[in-house]
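Working notes for the structure below.
The values are calculated or read from the model by the stated rules, or taken from the named source; none is laboratory data. If you're wondering where the values come from, they're calculated on a predicted model, not measured in any experiment. Heads up, the Cβs are rebuilt from the backbone with ideal geometry, glycines too, and the neighbour counts pull from every protein chain shown. With ligands, DNA and RNA removed, areas are computed over all heavy atoms of the protein, side chains included. Shrake-Rupley method; radii C 1.70, N 1.55, O 1.52, S 1.80 Å.
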Amino acid sequence: RPPEDEEEEAEVGWQEKLFSQFEVDLYLNESACQTPLDWQYHEEIQKLEKAGGRKNCRIFTYTDHDRFTNLEELCQKVTDLDHEVPSYLVERMANVRRRRQDRRPVEASSLKTKIITWEPSEEFIKNNHVINTPVQTMYIMGDLGPYGKLGHREYENVLCTIKVDGNGVITVKPDFTGSKGAYRIELDGEKREVWEYTIENASAQVQPEEEEREQRVFRDLYGRHRDYLSGLVGSDFEMPLPGTLRLFVNGEIVSAQGYEYDNLYVHFFLELPNQWSSSPLQQLSGVTQTCATKTVGWDNVAYFCYPFTVELFYTQEDEDSLPQWPVLYFEVLSLDFWQRYRVEGYGSLVLPASPGVHMLTIPTWRPVELGTVAEMRRFFIGGSPELEDLTYIRIPSTFKGKRLSRFGFRTETTGSVTFRLYCLQQSKAFLENSALRQRMQSVLDRLGGFSQQSSVYNVLEAFQRARRRMQEARESLPQDLINTCASSV
């Protein structure tokens, strides 16, 4: 290292070409120039030499059209393994030229008629199924060779990479230094030299008038894009009335498992409480196909994959009342060779109050009679005790009293049914509270009154969990200890 401090500072503009010593020696030789870009660099270097030579010493650049930029994107490895085998996605991405492409403008009318491309070409698939955002790249390099030995390719190091994609996003890697310390590069030579460099944003600050003008252009652009999207959607998109909630449920009866007999099918219907309604053409009941079971682990599972769709409306009338959600009642039945059916289980499901995907497994039960005669009748000739009203699974629709007693009603636990529900909710309250979206909970919280119901549900669920833990703890205790405690009390 020479006695004087070897420090260099360069201000580089976007896609500004600063030649290295290696490029000067290369492009001065006419026999090495092959492409039009090489001949252009040859002329520029000749003019530079006549003007007194290049001003930069160690800092130089590779622009978007240089060979280094083209090869750098193709030769990058995902890992540091020497014998790395590229995956399918890496191979596809390596073949994508992420350069600025000359795309002819497409009229808006053709976009409306060609939303779906039924016969896509290879170029269309490559541009749409693989990330192919046009990008311009620039590398700021440093020649970190020994003093007096500049121009060797092995001493070239990337100091900064700048990329600008088609969306106008500028990526600088590594970031501007700012208040952080300088970046360090340690060479692998004999002297183990350490170089430090900083990166600063030297662009002129935008004037307030220009920034305001830019904001107006952005608002105009966003307004045109909003109008364009509105034109694609059309004016037939209905919005519910104020105080009304529209509920879409795309449901699926996935499977039934753990039942005694084979060839199962499910009969279900939806009960709408007060303030809920549906269109007259909406079907609120259905029967699945008969499905044979297969052994999965310890259970016999019947996979129905039966879809159903419902559209419901909730109209708020009284803010003080607790709204109730629709209930899905279902029964599982089995069919034998003689076309005799048996009831395998009853169950119910309250539709989820929150939007999204819900995977629910509902246990079922069936009524039983005492004695072996009833089971023999069920086995040989089919038939079993049934419910005349399926709403008896929860609270019967005809019940008007204060207390419902099921004393003496004998049941037996059977298998379970799995549902997958996709719930969508639409309401005017979404638009009114769009600024407070992160603080929203459920739809009926916005409509009012549902927070009380959710708190009541939370208390009941906590009570049920505590009761189950108490029963489990009681069953684990020795029987003589329980009898002793009971007698002392």
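From the list VAL249, VAL266, VAL217, pick out the single residue that is of a type in the set (A, V, I, L, M), at pLDDT 90 or above and more than 32 Å from the chain's Cα centre (by Cα).
Result: VAL266 is the single residue among VAL249, VAL266, VAL217 that is of a type in the set (A, V, I, L, M), at pLDDT 90 or above and more than 32 Å from the chain's Cα centre (by Cα).
Please name all residue pairs, on different chains or six or more residues apart, with Cβ atoms under 7 Å, provided the first residue is in region 278-290 and is more than 24 Å from SER255 (Cα to Cα) and the second residue is assigned to a loop (DSSP other than H, G, I, E, B).
If the second residue must be assigned to a loop (DSSP other than H, G, I, E, B), the pairs left are SER278/LEU272; SER278/LEU284.
Only one of (1) open to solvent by less than 30 Å² (accessible area, probe 1.4 Å); (2) modelled with pLDDT under 90; (3) not hydroxyl-bearing (Ser, Thr, Tyr) fails for HIS129. Which number is that?
(1)
Within region 392-405, does at least one residue satisfy the condition of being in contact with a Lys or Arg (Cβ under 7 Å, 6 or more places away or on another chain), under 16 Å from VAL266 (Cβ atoms) and modelled with pLDDT of 80 or more?
Scanning region 392-405 turns up no residue that is in contact with a Lys or Arg (Cβ under 7 Å, 6 or more places away or on another chain), under 16 Å from VAL266 (Cβ atoms) and modelled with pLDDT of 80 or more.
Within region 60-81, take every residue that is open to solvent by 50 Å² or more (accessible area, probe 1.4 Å), modelled with pLDDT of 75 or more and in a loop (DSSP other than H, G, I, E, B) and give me the one that is nearest to PRO36 (Cα to Cα).
Of everything passing the filter in region 60-81, HIS65 is nearest to PRO36 (Cα to Cα).
Let's see how each residue does on (1) open to solvent by 40 Å² or more (accessible area, probe 1.4 Å); (2) in the same structural domain as PHE304 (by the TED database); (3) at pLDDT 85 or above:
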| site | (1), (2), (3) |
| --- | --- |
| VAL350 | yes, yes, yes |
| GLY356 | no, yes, yes |
| PRO363 | yes, yes, yes |
| ARG366 | no, yes, yes |
| THR414 | no, yes, yes |
| PHE419 | no, yes, yes |
| LEU436 | yes, no, no |
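What's the number of the only condition in (1) in contact (Cβ under 8 Å) with a residue 12 or more places away in the chain; (2) open to solvent by less than 100 Å² (accessible area, probe 1.4 Å) that VAL206 fails to meet?
(1)
Residues to consider are LEU333, LEU328; find the one that is under 32 Å from the mean Cα position of the chain (by Cα), in a strand (DSSP E or B) and assigned by the TED database to the domain that holds LEU387. Working first, answer last.
Numbers: LEU333 fails: under 32 Å from the mean Cα position of the chain (by Cα).
Only one candidate passes the filter, namely LEU328.
Out of all the residues in region 21-31, which are farther than 22 Å from MET141 by Cα and part of a helix (DSSP H, G or I)?
Across region 21-31, the qualifying residues are GLU30, SER31.
Can you name every residue in region 239-271 that is under 19 Å from PRO355 (Cβ atoms) and surrounded by 14 or more Cβ atoms within 10 Å (Cβ to Cβ)? Working first, answer last.
Within region 239-271, the subset under 19 Å from PRO355 (Cβ atoms) is 239-240, 243-252, 270.
Those that are under 19 Å from PRO355 (Cβ atoms) and surrounded by 14 or more Cβ atoms within 10 Å (Cβ to Cβ): PRO240, GLY243, THR244, LEU245, ARG246, LEU247, PHE248, VAL249, ASN250, GLY251, GLU252, LEU270.
Can you go through LEU48, LEU89 and tell me which one is aliphatic (A, V, I, L, M), at pLDDT below 80, more than 17 Å from ARG153 (Cα to Cα) and in a helix (DSSP H, G or I)?
LEU89
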